[in-house]
Amino acid sequence: MTDRRPFVGGNWKMNTDLASAVELAEDIVAGIGGLTEQCEVAVFPPFPYLHSVGKTLEDHRIILGAQDVYHESNGAFTGEISVEMLLDLKVGVVLIGHSERRHVIGEPDELINLKALKAIEAGLDIILCLGENMTQREAGQTKQINLGQLEAGLSGIPTSQMSQVTIAYEPIWAIGTGLSATPADAEAAHGDIRGKLADLYDDSVANSVRIQYGGSVNANNAGDLFAQPNIDGGLIGGASLKADAFLDIVRDAARSG
Ligand code: 13P
């Protein structure tokens with residue numbers, strides 16, 4: 001048992017349209033009951049729907065999240081979104097370095113770190129995402145890759161601001177594939193990440209930062225994953241697009257806390 005409050009995020013990625021995004025948010029609000037007392041819950045809609053989904057979540061204890069942010073405040077950065085814009089929409093948390101940003105869009109560690117620093121400085125919470133691909137896993141590089149991404153992403157973030165940080169361990173080979181890491185494998189990776197947080201910061205930071213697991217989490221496997229001592233909830237893709245499945249996963253996380 002720890003005093004870390006489980007945290008479940010629904011990353012909707014590039015899915016939904018305006019009507020279905022609002023409906024999904026309404027259904028989550030309708031079913032959430034008292035679960036937010038035991039578990040922190042956030043949803044990450046596509047940018048164009050942040051405003052409408054935010055209105056639906058208003059007065060409920062579900063946090064509005066963004067899937068990405070840019071590290072400049074304003075100017076000639078066509079297509080980018082600033083932290084100020086997110087704060088305007090009452091976004092409370094932002095994903096940084098999701099594997100699809102890293103590997104589909106091509107974001108390097110340096111850019112991910114700039115985004116993390118900017119979001120933290122502006123008062124946003126962040127979920128720093130990291131994880132190895134299958135080739136790296138098979139080459140025995142899982143720990144080295146994860147800890148390298150962790151150190152690079154957190155570079156320059158002081159101890160005093162680590163309360164704004166959550167880590168999401170999302171092995172790339174498990175994302176959207178139906179192949180989840182086993183609870184034991186995920187727990188081992190989370191333990192390594194927590195150990196590195198103790199090296200980079202101190203035991204108090206290591207014990208208080210939440211580490212979510214992501215990668216094919218569903219209502220059937222969530223309970224076993226979240227029961228692991230170093231797994232503090234999850235970042236959910238596909239299964240977060242159905243309110244019932246998402247709420248079942250939140251229920252499992254609330255029970256694990
Ligand atoms: P899936 O749950 O669809 O595997 O996606 C995980 C993820 O990338 C969440 O950010």
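Among the residues that make up the stretch 129-141, is at least one of them over 21 Å from residue 213 (Cα atoms), under 16 Å from the mean Cα position of the chain (by Cα) and not in a helix (DSSP H, G or I)? Among the residues of the stretch 129-141, not one is over 21 Å from residue 213 (Cα atoms), under 16 Å from the mean Cα position of the chain (by Cα) and not in a helix (DSSP H, G or I), which makes the answer no. Return the residue satisfying two criteria in turn: it lies in the stretch 164-175 and is without any contact (Cβ under 8 Å) to a residue 60 or more places away in the chain and not hydroxyl-bearing (Ser, Thr, Tyr), and of such residues it is nearest to residue 193 (Cα to Cα). Applying the filter and picking the extreme gives 167. The residues on offer are 191, 178, and the sole one that is without any contact (Cβ under 8 Å) to a residue 40 or more places away in the chain and either part of a helix (DSSP H, G or I) or within 17 Å of the chain's Cα centre (by Cα) (or both) is 191.
For every residue, the table says whether it meets (1) under 27 Å from residue 240 (Cβ atoms); (2) surrounded by 19 or more Cβ atoms within 10 Å (Cβ to Cβ).
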residue	(1), (2)
153	yes, yes
163	yes, no
178	yes, no
184	yes, no
191	yes, no
198	no, no
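Would you say residue 82 is of a type in the set (Ser, Thr, Tyr), surrounded by 14 or more Cβ atoms within 10 Å (Cβ to Cβ), touching a Cys at 6+ places or on another chain (Cβ under 9 Å) and at pLDDT 95 or above? Criteria not met by residue 82. Residues 239, 253: which one is within 16 Å of the ligand (Cβ to nearest atom), within 16 Å of the chain's Cα centre (by Cα) and free of Cβ contacts under 8 Å to residues at least 24 places away in the same chain? Testing whether each residue is within 16 Å of the ligand (Cβ to nearest atom), within 16 Å of the chain's Cα centre (by Cα) and free of Cβ contacts under 8 Å to residues at least 24 places away in the same chain leaves just 239.
Only one entry of 10, 75 meets the criterion of being modelled with pLDDT of 95 or more and either out of contact with any strand residue (DSSP E or B) (no Cβ under 7 Å at 6 or more places or on another chain) or more than 16 Å from the ligand (Cβ to nearest atom) (or both), and that entry is 75. For the stretch 82-95, the criterion of being in contact (Cβ under 8 Å) with a residue 24 or more places away in the chain, charged (D, E, K, R) and over 18 Å from residue 166 (Cα atoms) is satisfied by at least one residue. The single residue among 97, 75, 106, 140 that is of a type in the set (Gly, Ala, Ser) and buried (at least 18 other Cβ atoms within 10 Å of the Cβ) turns out to be 97.
The values are calculated or read from the model by the stated rules, or taken from the named source; none is laboratory data. Fair warning: this is a prediction, and the values are worked out from it, not measured in the lab. Backbone-built Cβ (ideal geometry, glycine too); neighbour counts: all protein chains shown.
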